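The values are calculated or read from the model by the stated rules, or taken from the named source; none is laboratory data. Since the structure is predicted, the reported quantities are computational estimates derived from the model, not experimental observations. Neighbour counts are summed over all protein chains in view; Cβ atoms, including those assigned to glycine, are modelled from backbone coordinates with ideal geometry. To get the accessible areas, we keep the full protein, side chains included, count just its heavy atoms, and leave off ligands, DNA and RNA. Shrake-Rupley method; radii C 1.70, N 1.55, O 1.52, S 1.80 Å.
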Amino acid sequence: KLEPFEVEPFLKRIIDRWQPRLARASVKAILHVDERVGKMVGDTRSLENVFTNLISNALEAMTESGDTLSIKVSSIQEFNGAPKVEISISDNGPGIPNDIKNRIFEPFVTTRKLGTGLGLSITKQIVNAHKGSIKVDSFPGGTVFTVQLPADTGE
């Protein structure tokens, strides 16, 4: 069910739910929302799965070291395209190995001992169903997942 909703309170609710686990792992979550970001259009229940999965993966990557989980939200205007909301989730874990990075959104590809390899595949399907996009940048010392979703244009 696609409907407009405020991005900041939506993400704050998800982060608040994760607060006890973040604290146990010595991870501090920082949310920065650009003031120009308005509403986003989507199904909040499915998008909650997207961001819960990305936060869960980031937290697991940082369990060794602790540190900072950064969530940055900005408004972007694609050339000849509709306005989008861009949400970047960054961790400072070890990074995704190069041999897996290009296949990370495929089913059954995982870096975890107990992972099924379905989380990011499902995440990508949900983002695509919202006419959005997801990409990953990873390097030794960190990973950034960037999700772009349609902004509410009031139409």
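Would you tally the residues in segment 102-155 being touching a residue at least 24 places away in the same chain (Cβ under 8 Å), assigned to a helix (DSSP H, G or I) and touching an Asp or Glu at 6+ places or on another chain (Cβ under 9 Å)?
Number of matching residues: 3.
Results for (1) under 20 Å from Q148 (Cβ atoms); (2) among the acidic types (D, E), shown as yes or no for each residue.
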| residue | (1), (2) |
| --- | --- |
| A23 | no, no |
| S26 | no, no |
| H32 | yes, no |
| M40 | yes, no |
| A61 | no, no |
| Q77 | yes, no |
| E86 | yes, yes |
| I100 | no, no |
| L114 | no, no |
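Scan (1) open to solvent by 50 Å² or more (accessible area, probe 1.4 Å); (2) at negative phi for the single condition A58 breaks and write down its number.
Tallying (1) open to solvent by 50 Å² or more (accessible area, probe 1.4 Å); (2) at negative phi, A58 fails exactly one: (1).
Please work out which one of (1) open to solvent by less than 40 Å² (accessible area, probe 1.4 Å); (2) at pLDDT 85 or above is the condition K124 fails and give its number.
Going through (1) open to solvent by less than 40 Å² (accessible area, probe 1.4 Å); (2) at pLDDT 85 or above one by one, K124 breaks only (1).
Which count do you get for residues in segment 56-101 that are in contact (Cβ under 8 Å) with a residue 12 or more places away in the chain, assigned to a strand (DSSP E or B) and not β-branched (V, I, T)? Steps first, please.
At the first step, the residues of segment 56-101 found to be in contact (Cβ under 8 Å) with a residue 12 or more places away in the chain are 56-76, 82-97, 101.
Adding the requirement that they be assigned to a strand (DSSP E or B) leaves 67-76, 83-91.
Then keep just the ones that are not β-branched (V, I, T); that gives 67, 69-70, 72, 74-75, 83-84, 86, 88, 90-91.
Residues that pass the stated criteria total 12.
Can you tell me which residues in segment 74-99 are charged (D, E, K, R), open to solvent by 30 Å² or more (accessible area, probe 1.4 Å) and under 24 Å from F139 (Cα atoms)?
Within segment 74-99, E86, D99 qualify.
Taking R45 and the conditions (1) under 22 Å from H130 (Cα atoms); (2) modelled with pLDDT of 95 or more; (3) surrounded by fewer than 18 Cβ atoms within 10 Å (Cβ to Cβ); (4) within 14 Å of the chain's Cα centre (by Cα), which numbered condition does it fall short on, given that it satisfies the others?
Among (1) under 22 Å from H130 (Cα atoms); (2) modelled with pLDDT of 95 or more; (3) surrounded by fewer than 18 Cβ atoms within 10 Å (Cβ to Cβ); (4) within 14 Å of the chain's Cα centre (by Cα), the lone unmet condition for R45 is (4).
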